[in-house]
Amino acid sequence: MTCKEAEQMVMPYINKELTDKELSAFLSHIHTCRDCYEELEIYYTIYTGLAQLEEGGEDQNLHRLLEESLRLSELQIRGRKIFNVYYVLSQILAMAALTVIIIMEIVII
Ligand SMILES: [Zn+2]
């Protein structure tokens, strides 16, 4: 991913509009590119800060919030990947069980 592509994903990231694939590519770029991380931090601080002002919420450490948000996004992606692996495995197991049942019925008959 180029810096230009990453910059275009900053707002969709903050608005949680990225797909898993985009999110994954965006996060790995953010981790390796200082410039884009700073860009994200600026936007995140502005938008989250504004939202907090509107909600009248307590003053939070926005840098910490961004770190937390990035960590959650990674967990979200990892969680879905693990879920997908289990889903595929359960499908394979179901097929295997079905095959065994069919074979047993044939053998018994
Ligand atoms: Zn970059």
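Quick note: the coordinates plus some simple rules give every number you see, no bench work behind them. As the structure is a prediction and not an experimental result, all values here were calculated from the model. So basically every Cβ, Gly included, is an ideal-geometry build from the backbone, and we count neighbours across all protein chains shown.
May I ask you to derive the FRET efficiency for Leu75 and Met11 from their Cβ-Cβ distance with R0 = 22 Å, giving the value to the nearest 0.05? Could the numbers behind the result be given before it?
Working: r = 22 Å, r/R0 = 1.00.
Efficiency at R0 = 22 Å is approximately 0.50.
Where in the stretch 14-28 is the amide nitrogen less than 17 Å from a point lying 7 Å along the Cα-to-Cβ axis of Leu65?
Hits in the stretch 14-28 for Leu65 at 17 Å: 14-17.
Please give the length that would be gained between Cys3 and Glu105 if that part of the chain were fully extended, namely 0.36 nm times their separation in residues minus their C-alpha to C-alpha distance (nm, one decimal). Don't skip to the answer; put the middle values down first.
On the way: separation 102, 0.36 × 102 = 36.72 nm, distance 6.00 nm.
Difference between extended and current length: 30.7 nm.
Just checking the chain: which Cys have no other cysteine's beta-carbon under 4.7 Å?
Lacking a cysteine Cβ partner under 4.7 Å: Cys3.
Roughly what angle does helix 34-55 make with the longest principal axis of the chain, taking Cα atoms, 0 to 90 degrees, to the nearest 10?
80
With Kirkwood's inverse mean 1/r over C-alpha pairs for Rh, give me the Rg to Rh ratio of the chain, two decimals please.
1.31
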